[in-house]
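The values are calculated or read from the model by the stated rules, or taken from the named source; none is laboratory data. In this text, all values refer to a predicted model and were calculated from it rather than measured experimentally. Here the Cβ positions follow ideal geometry from the backbone for every residue, glycine too, while neighbour counts run over all protein chains shown.
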Amino acid sequence: MQLSPRLGRYALHVLVVAACYYVGAEVGLLQALVNDQVTPLWPPTGVAVLALLLGGLKMWPGIALGAFAANSPLSDLGATVLITAGNTVGPVVAYLLLRRAGFRQEMDRTRDALALVLLGGFLGMAVSATIGSGTLLVTGAIDTALFWSTWTVWWTGDALGVLVLVPIVLAFRSLRLRNHPVRRWLEASALLASTAVVMAVATTHDLRLMYLVFPFLIWAALRFQHLGTAPCALIATTLAARGAARSTGPFADLDLVVRMVTLQAFNGTAVLTALLLAAVISERNAAREAIERTVAQLADVVAQYQPPALGDLLPPKPREKR
């Protein structure tokens, strides 16, 4: 029996989503803090939400397949099925909430930034964190005393996966390569390098210096809008998660729950500030362009309308008799 081309393409897309989910899981598990499977940065949630945003709800089997493959070596079959269900339901809930809120992939409105952070990141990922942590508790992988610390790490990791991957992929999907001047590329390179240096120092130094990254996020929003804030936010949140996982810099000497709350507060504030400011600048630019187009149209109308000369409006002079 031969598959139809349409069904074959769908199966290929599902397998690609599953493969990307699995690879993201392997990367995320490098910083596991609880039970070798709960991490403060879980990229697969970003992969899952992106798959749903770009491919629709029919992509959920790819998410489930990738989640099952990633979790099966870590738990028994029953726990793996429950955790897989949570890892699938969480992104689906986030997608449905974003669609209900009228989320646009261009992310050129303030409501899009708010929806991604609050609905897609925080609220949607609370579902997967609750199911996953509850499964570990019921199966005896953790005791009651570790439930809330496990939940905060799980929720932080899932939300950060959305906030890290979704904005930058959507930003580069809208990238249009043009002949930008060299100084524009140099400015962008300097911006990214400065953000990385500031965050590398801030997350390894004992002083509380992470707030120093906000001027660079503002710089990115003013000069490059979403295309600049997305990579800067990616650098900031990833390095912050690395510092929290290693208990360095401002995360040193903090217990697990406090570290995760601090990390989530920083990530949410940084990403929301960057995306909101970029959206406001984009809306302002769009309004200015609309006004300029209207002015140009009015100028064309005025140019096409040529009033008659004054002489044409006066009555003709009577002819003199000879």
(Q) Take the conditions part of a helix (DSSP H, G or I), surrounded by fewer than 19 Cβ atoms within 10 Å (Cβ to Cβ) and either among the aliphatic types (A, V, I, L, M) or out of contact with any Gly (no Cβ under 9 Å at 6 or more places or on another chain) (or both) and apply them to Gly78. Does it pass? (A) yes
Q | Matching residues, segment 106-156, being in contact with a helix residue (DSSP H, G or I) (Cβ under 6 Å, 6 or more places away or on another chain), polar (S, T, N, Q) and under 22 Å from Asn71 (Cα atoms) | A | Ser128, Ser133, Thr135, Thr139, Ser149, Thr150, Thr152, Thr156
**Q.** Selection from segment 44-58 of residues that are surrounded by fewer than 24 Cβ atoms within 10 Å (Cβ to Cβ) and of a type outside the set (A, V, I, L, M)
**A.** Gly55, Gly56, Lys58
Q: Look at segment 258-276 and say how many of its residues are surrounded by 15 or more Cβ atoms within 10 Å (Cβ to Cβ), closer than 15 Å to Thr150 by Cα and aliphatic (A, V, I, L, M).
A: 2
(Q) Considering only segment 228-238, I want to know if a residue exists there that is crowded, with 19+ Cβ neighbours inside 10 Å, more than 19 Å from Gly161 (Cβ to Cβ) and either at pLDDT 85 or above or of a type in the set (Ser, Thr, Tyr) (or both). (A) yes
(Q) Going by what's in this entry, would Phe172 be described as under 21 Å from the mean Cα position of the chain (by Cα), buried (at least 16 other Cβ atoms within 10 Å of the Cβ) and more than 30 Å from Trp148 (Cβ to Cβ)? (A) no
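For (1) more than 13 Å from the chain's Cα centre (by Cα); (2) within 30 Å of Ala171 (Cα to Cα); (3) in a helix (DSSP H, G or I), each residue gets a yes or a no:
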{"position": "Pro231", "(1), (2), (3)": "no, yes, yes"}
{"position": "Asp253", "(1), (2), (3)": "yes, no, no"}
{"position": "Val258", "(1), (2), (3)": "yes, no, yes"}
{"position": "Thr262", "(1), (2), (3)": "yes, yes, yes"}
{"position": "Val295", "(1), (2), (3)": "yes, no, yes"}
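Looking for whichever is of a type in the set (D, E, K, R), under 30 Å from Gly228 (Cβ atoms) and not in a helix (DSSP H, G or I) here; the options are Asp158, Asp112, Asp108. Which one fits? Walk me through it before giving the result.
Values: Asp158 fails: not in a helix (DSSP H, G or I); Asp112 fails: not in a helix (DSSP H, G or I).
Answer to the selection: Asp108.
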